[in-house]
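Undergrad: Quick one: the structure is below, questions incoming.
Read the figures in this text as sums done on the coordinates, not as results from a lab. In this text the structure is predicted, and so the values were computed from the model without any measurement. All Cβ positions, glycine included, derive from the backbone under ideal geometry; neighbour counts span all protein chains shown.
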Amino acid sequence: MRTRLAAFLLLLSLALAAACTADSPTPTLVPRPTPTPLPTFTPRGQALAPTAAPEPSPTIAEPTATAAPTDTPAPEPTATTAPTVAPTRPKSTATPRPPSPTPAPAFDYMIVEQRIKSREEEPNLMAVNIELYAVDKAGNPIDGVVFRDLELNEAVVSGDKGSGKAQFTFTTDRAYRIIVEADGSGPVTSQTSLTFALNAFRSDDVNQLLMAAGLCGSLADCRRAIHFTAVIKFQRQR
């Protein structure tokens, strides 16, 4: 029974629907309104979680543009007064003295050697001579030089007994004092030798030479007659 009733109601509904469709115009579709979202309510007592603030982006400093030079003239420099410096006195320099002129020799010939030979040099005890030598400024022997004995007024010439050499032979009880009288240039000036003698009447200057040669041991011993050979050398000075 219920099945038949349900079928009957279905057929009735289809019939009514067909009738309505035939008589009414085509319905216009109305757009459905967009639903408005409902507000969200936060329950009381619950704190909102803090929102992390965005980290600031690093700021890159841009280079500052240098202003272009302008045509403005630079200020003129102010003149500065230089400090006044007191002038320094130059130190006085001692003027060197000119060298003193070498004095001219007092004689043309000077005695550069005057001595008595030792026994080693003259072993002959009977030799009693005065050996005379003449040399130039360089020490080279000179021949033709005239030696004079002022006591006997006798003369000998260098070269007679060898190059630049002359000789007097002692005479007993006579004295000998020698100079250079002349050479190849003519008369000359000369120093004078000591006075040599074989006897005891000699000066102590000669006795000192005898003692230096070893022929006597003291001045008292030398003040007696002694045989010896003397050496006198004259050097040309100019």
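Undergrad: Return a whole-number percent for the relative contact order of region 112-184, with Cα pairs under 8 Å and 6 or more residues apart as the contact set.
TA: Working: 115 pairs, mean separation 23.0, N = 73.
Reported relative contact order: 31 percent.
Undergrad: Follow-up question, since we're still on this one. Return the tail of the calculated pair distribution for region 156-225, meaning the percent of Cα-Cα pairs more than 13 Å apart.
TA: Values: 1717 of 2415 pairs.
For region 156-225, the share of Cα pairs beyond 13 Å comes to 71 percent.
Undergrad: Report the normalised scattering of region 114-234 as log10 I(q)/I(0) at q = 0.09, 0.15, 0.17, 0.22 Å⁻¹, calculated by the Debye formula with identical scatterers on the alpha carbons.
TA: Debye intensities relative to I(0), on a log10 scale: -0.24, -0.66, -0.83, -1.25.
Undergrad: Next question. Applying the Karplus parametrisation 6.51 cos²θ - 1.76 cosθ + 1.60 with θ = phi - 60° to the phi angles of region 153-163, what ³J(HN,Hα) value in whole Hz is obtained for each residue in order, glycine and proline being reported as x?
TA: Along region 153-163, the couplings run 6, 10, 10, 9, 10, 5, x, 6, 10, x, 5 Hz.
Undergrad: Going highest first, how would you order 168-180, 196-208 by mean Cβ packing within 10 Å? Intermediate results must be reported in sequence, preceding the final value.
TA: On the way: 168-180: 17.7, 196-208: 16.2.
Packing order, densest peptide first, comes out as 168-180, 196-208.
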